[in-house]
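*Asks:* Before I ask anything, here is the structure I am working with.
The values are calculated or read from the model by the stated rules, or taken from the named source; none is laboratory data. On a predicted model such as this, the values are computed, not experimentally measured, just so you know. Cβ placement follows ideal geometry from the backbone for every residue including glycine, while neighbour counts extend to all protein chains displayed.
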Number of protein chains: 2
Amino acid sequence: MEHYAVIVAGGSGNRMGSEIPKQFLKLAGKPVLMHTLQAFYEAVEGISLILVLPLNHIPFWEELCNNFKFETPHLCVPGGETRGHSVKNGLSKIMAEQALVAIHDGVRPLADKAMISGCFSLASEKGSAVPCIPLSDSLRKKDNNGSHPVDRNGVYAVQTPQCFEIEILRTAYARADFMNYTDDAQLAEAAGFKIHLAEGSRRNLKITTPEDLILAEALIKAGKLSVE
Amino acid sequence: MEHYAVIVAGGSGNRMGSEIPKQFLKLAGKPVLMHTLQAFYEAVEGISLILVLPLNHIPFWEELCNNFKFETPHLCVPGGETRGHSVKNGLSKIMAEQALVAIHDGVRPLADKAMISGCFSLASEKGSAVPCIPLSDSLRKKDNNGSHPVDRNGVYAVQTPQCFEIEILRTAYARADFMNYTDDAQLAEAAGFKIHLAEGSRRNLKITTPEDLILAEALIKAGKLSVE
C-alpha cells in the first residue's frame, strides 16, 4: 500500500505577531516545516510527501530549502482559499487507486515516529485514525449569560496526522460543503465514515504562539521521553 | 481587603511515573511548589499563603524548605480525603470576615503576576474570577458508538487561580456535596453564584507529565514573553 502525507501549511501567522508565517520560523536551527516533513520521511519508509503552501510562499520556501540544504524529497503544491481547498489540492496529486494518506498540520513539527506509524497502521486496518490526547484542564463555554461548565468526561483534544484510506478522503472531499470543515475527521464523518481514535502525544504541539515555539524547542532539546 | 491564596498540593504524582509527588520535583533548581508559592507572594503585597499538603508529606516539605532555605512565609495545613476536603481545610484557617481568596493548583508554578493580580481585581469587583484560555485543538468525546465531535466554538480551558470573595466560598463549601466538585467555579455555581471569566495564560501549565516539567523549565529559561 502506498503511503502519503499531505502537510498543510497555509497559515499566515497572525497570532505569532511576526512577519514571517509560523511554519517558516526557526526551531532548533531550521524552519518548523523542515522538522515536520522530516518526521514523516523518517517515520514511514517510502512515504511520498505533499506540501501545500500558499502560492506566494512557494518561492520563499524554495529559497529556504536551498539555504538550509534541505533534501528531503517532497512535492510542493499551491494552497487554496480555505484549509479545505488546500487539502483538496494536495489530494489531487495522488494518482494511486489505493493508498493511505495522513493529513497533517505543517505547524506540528514534533509528531513522533511511533505516533505516525501507529496512525497509519490503525488506518490500514480500520480506514481511519485520528490521534487524540486527554485534556488536563476543565472546560467552560461562553454563552449569552456569561459561561457554563462543559463536561470534559471522555473529551479528548484532537491532533493530526489524521490518516485515512484515500477513497474515504475522495468521497469526503467530493461533498459540496467540504470547505466548511476545518477538521478532516468531521468531514469524513459527515460523508458517512466512522472515525477511529488513535493515541496522540503531548509532544505533538501545534505552534500558534511564541510560547509554543519555545516549548517545541525545549522538547527537541530534551529528546525523547516516555510519554504518559 | 485581605488577600489569601490556598495552594492545593494533594496529588500523589502517579501520572509522572516518579516516586516523588510532582509538586516536589525540581524545576529550574527548586521544587515546583516553591515556584508556586513565590509567584503569589510576589504578585500581591501582603498576601497570606496557605499550603495544603497530605499530612504525611508535611515533614518532607519542611525538610525541603530547610534544605533550599525557602523563606517565603506560608501556613502548612494537612489535606483531606478529596481535593474538596483539602480546600475546605485550607479555607478553615481564614478568620477574616471579608477577604479575597485565590484557590490554586500547587502544580501550576508559572502563574504570572499580571494574571494573579488581574484575577484578584476582577473578583474584588464581581465576586469571582476564573482564568481561561482558548483551545487550540478540536475536541471529540468518546461514546458507546466510538466518538463524536464536540463543538469547541466558545469553549475555553479553565485554569487556576480561581478567585472568590470568602463568603462565596464559605457558602459553597457548606454544601453537603462539596466533595463531589473538582473545580471551585462549578461548586460556586451550584451554590448559586455567578462565575466571571478572566484572562488566563498559556504559560500557566499544569504539571502532570514529565513533558510538562520540561516545558515549564523552558518557559522559565526563556523568561517573560508577550502572551497572545
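*Asks:* Report, ordered by the first and then the second residue, all pairs with beta carbons closer than 8 Å, sequence separation of six or more or different chains, a first member in the stretch B:45-66 that is on the phi > 0 side of the Ramachandran plot, and a second member that is buried (at least 21 other Cβ atoms within 10 Å of the Cβ).
*Replies:* These pairs meet every condition: B:G46/B:H3.
*Asks:* Filter the stretch A:129-164 for residues that are among the polar types (S, T, N, Q) and touching a Leu at 6+ places or on another chain (Cβ under 8 Å) and give the result.
*Replies:* Listed by number, the list holds a single entry, A:S147.
*Asks:* Can I ask one more? Would you tally the residues in the stretch B:148-165 being touching a helix residue (DSSP H, G or I) at 6+ places or on another chain (Cβ under 9 Å) and part of a strand (DSSP E or B)?
*Replies:* Of the residues in that region, 7 qualify.
*Asks:* Return the pair list, or none, for Cβ contacts closer than 6 Å from residues in the stretch A:91-106 that are under 29 Å from A:L205 (Cβ atoms) to residues that are crowded, with 24+ Cβ neighbours inside 10 Å and acidic (D, E), at least 6 apart or on different chains.
*Replies:* A:I103/A:D184
*Asks:* Let me ask another. Go through (1) touching a Pro at 6+ places or on another chain (Cβ under 9 Å); (2) within 10 Å of another protein chain (Cβ to nearest Cβ); (3) within 30 Å of A:K26 (Cβ to Cβ) one by one and return the number of the condition A:T208 breaks.
*Replies:* (1)
*Asks:* Could you grab the pairs with beta carbons closer than 7 Å, sequence gap of 6+ or different chains, first residue in the stretch B:186-200 and facing chain A (nearest Cβ under 10 Å) and assigned to a helix (DSSP H, G or I), second one at pLDDT 95 or above and surrounded by 17 or more Cβ atoms within 10 Å (Cβ to Cβ)?
*Replies:* Pairs found: B:E189/B:I195.
*Asks:* Given the condition more than 9 Å from chain A (Cβ to nearest Cβ), touching a residue at least 24 places away in the same chain (Cβ under 8 Å) and more than 17 Å from the chain's Cα centre (by Cα), answer yes or no: does some residue in the stretch B:144-155 qualify?
*Replies:* No, that holds for no residue.
This table checks each residue for (1) hydrophobic (A, V, I, L, M, F, W, C); (2) closer than 21 Å to A:P134 by Cβ; (3) more than 9 Å from chain A (Cβ to nearest Cβ); (4) in a strand (DSSP E or B).
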{"position": "B:A111", "(1), (2), (3), (4)": "yes, no, yes, no"}
{"position": "B:L122", "(1), (2), (3), (4)": "yes, no, yes, no"}
{"position": "B:S136", "(1), (2), (3), (4)": "no, yes, no, no"}
{"position": "B:K141", "(1), (2), (3), (4)": "no, yes, no, yes"}
{"position": "B:E167", "(1), (2), (3), (4)": "no, no, yes, no"}
{"position": "B:T182", "(1), (2), (3), (4)": "no, yes, no, no"}
